[in-house]
Amino acid sequence: MLRELLDLVCKENTMWARILSGGRGFGFGFRVPRECLRGVGLGIARRQKRHASSSEACMRKTALFDFHRDQGGKMVEFAGWSMPVQYRDSHIHSHMHTRQHCSIFDVSHMLQSKVHGRDRVKFIESMIVGDIAELKDNQGTLTLFTNDKGGINDDLIVTKTDQGYLYVVSNAGCADKDSANMKARLAKFKAEGHDVELEFLEECLIAVQGPSMAKVLQPGLTDDLSKLTFMTSTLATVFGIQGCRVTRCGYTGEDGVEISVPKSGVVALTERLLANSEVKLAGLGARDSLRLEAGLCLYGNDIDETTTPVEATLVWTIGKRRRQAKDFPGAEIIVPQIKAKTTRKRVGLVSTGPPVRQHTPILSPEGKVIGEVSSGCPSPCLKQNIAMGYVDVAYAKNGTPIQVEVRKKAVKAVVTKMPFVPTNYYSGH
């Protein structure tokens, strides 16, 4: 969705620039008088402004919306929310700053929830593939909502807190679907006499990502960050803002945290973090290229309701106990695939020539269609084109030469191990 939006914006800007400069972008063979162009331009501008105002009014806004605009954020629609795609710095600059220093991402559009009650683990495990019961207090895991056909309804993080509840974060684009699924399951569980309650949170969520994150955040914490390892979580006061949940995780491949913070304190916290010269704001554009370099899936692109965890090479998310019990949605389809394999598999690839985008055909060396790209972009770190997609399993081995079809031409590519850029998750000293 984000990639298509960025492409559309670029095309529209180019088109209007050609029209308003009197160029021959449409090949009409005549020039429009300058005074007419001026009128057309003003009309277009007014219509675009009215359309933008109308569209913007329909979009949801995070508590940082005004702050983003004050900081030069270029706002776009994403999953029904108005979110910054970038700021005054270029997308590439934001990407590299995150890899080398530290960036703040507003991810408040994500769905945050808590599951309370004696049967909370049984409740959440009835919808996902992960083994939540085996987690230690304040430990979390990436897991998957699956459906009866073995497809992935969403990916999410579940943390087993020491406060008597599970803390759940899932994707903004699936918020309506996920909340409806959880509410329906809740009604069923309560009707059966189980002790479980569901709470949807209004807190904001910011991600602080990059190698200097700990140096930036530690002065504002009483907790020792060196003891907070990857995928663990704690309740804390952060730079004077009480009631924050700090989880060491992220979507960039770098060391980082996600901080769930009360709406009333999110602007103050963000400003306090930005007071450090190491920290800059980053938008959805950088977040997308960072996660792709890290080999992380984007729901709706790389995984969806027709993709099984085995096809997506996400078998590691399925707990051993859960595989044996086959007690999660779609288990009768998914578990046999683990041993029998599948006909297609998600792989990484590197290509030459023009960048590849979602839906680009993947070809065998002989030119036969063997799959399709699900995500792709030029890598700012590697200075070459990277992508992930699904191919016939016969071509899934790393190092396999393949081709991609770009602008009706076959371009050389090779199947490549992911992550493309080494990850730097913090596992302790």
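The values are calculated or read from the model by the stated rules, or taken from the named source; none is laboratory data. All of these numbers come straight from a predicted model, not from anything done at the bench. Every residue, glycine as well, gets a Cβ built from its backbone with ideal geometry; the counts of neighbours run over all protein chains shown. Each accessible area value is taken on the protein alone, full model and side chains, heavy atoms only, with ligands, DNA and RNA left out. Shrake-Rupley method; radii C 1.70, N 1.55, O 1.52, S 1.80 Å.
Using Cα-Cα distances under 8 Å and only pairs 6 or more residues apart, what relative contact order does the stretch 125-217 have, in percent?
After rounding, I find 15 percent.
Below 17 Å, Cα to Cα, which aspartates and glutamates can LYS215 reach? Residues fewer than 8 away in the same chain don't count.
List returned: ASP223, ASP224, GLU254, ASP255, GLU258, GLU271, GLU278.
Under 28 Å from the Cα of LYS122, which lysines turn up, not counting those fewer than eight places away in the same chain?
List returned: LYS114, LYS136, LYS149, LYS160, LYS177, LYS183, LYS188, LYS190, LYS320, LYS326, LYS339.
Does the stretch 93-164 classify as rounded, prolate or oblate by the C-alpha gyration tensor (a ≥ b ≥ c root eigenvalues; a/c under 1.5 gives rounded; else a/b over b/c gives prolate, otherwise oblate)?
Judged from the Cα gyration tensor, the stretch 93-164 comes out prolate (a/c at least 1.5, a/b above b/c).
What accessible area per residue comes out for the chain, rounded to a whole number of Å², with a 1.4 Å probe?
47 Å²
Which of the aspartates and glutamates could be linked to LYS383 by a straight reach, that is with a Cα gap under 15 Å, when you skip same-chain ones fewer than 8 residues away?
Leaving aside aspartates and glutamates fewer than 8 places away in the same chain, those within reach of LYS383 are GLU293.
What number, rounded to the nearest 500 deg cm²/dmol, is the helix-based mean residue ellipticity at 222 nm of the chain, given -39500 (n - 2.57) per DSSP H run of at least four residues and division by all its residues?
One gets -9000 deg cm²/dmol as the mean residue ellipticity at 222 nm.
To the nearest 0.05, what FRET efficiency results for SER226 and ASP137 with a Förster distance of 22 Å applied to their C-beta separation?
FRET efficiency, SER226 to ASP137: 0.75.
With label points built 7 Å along Cα→Cβ from the Cα atoms of VAL315 and ASP195, find their separation and express it in nm.
3.9 nm
Given H placed on each backbone N at 1.01 Å, which residues far from TRP81 in sequence or on other chains put an amide H within less than 5 Å of it?
Hits under the 5 Å cutoff: ARG60.
Rounded, prolate or oblate: which fits the stretch 293-429 when a ≥ b ≥ c are the square roots of the eigenvalues of the alpha-carbon gyration tensor, with rounded for a/c under 1.5 and prolate only if a/b beats b/c?
oblate
Computed FRET efficiency, Cβ-Cβ of LYS397 and LYS177, R0 45 Å: what is it to the nearest 0.05?
E(calc), rounded to 0.05, equals 0.80.
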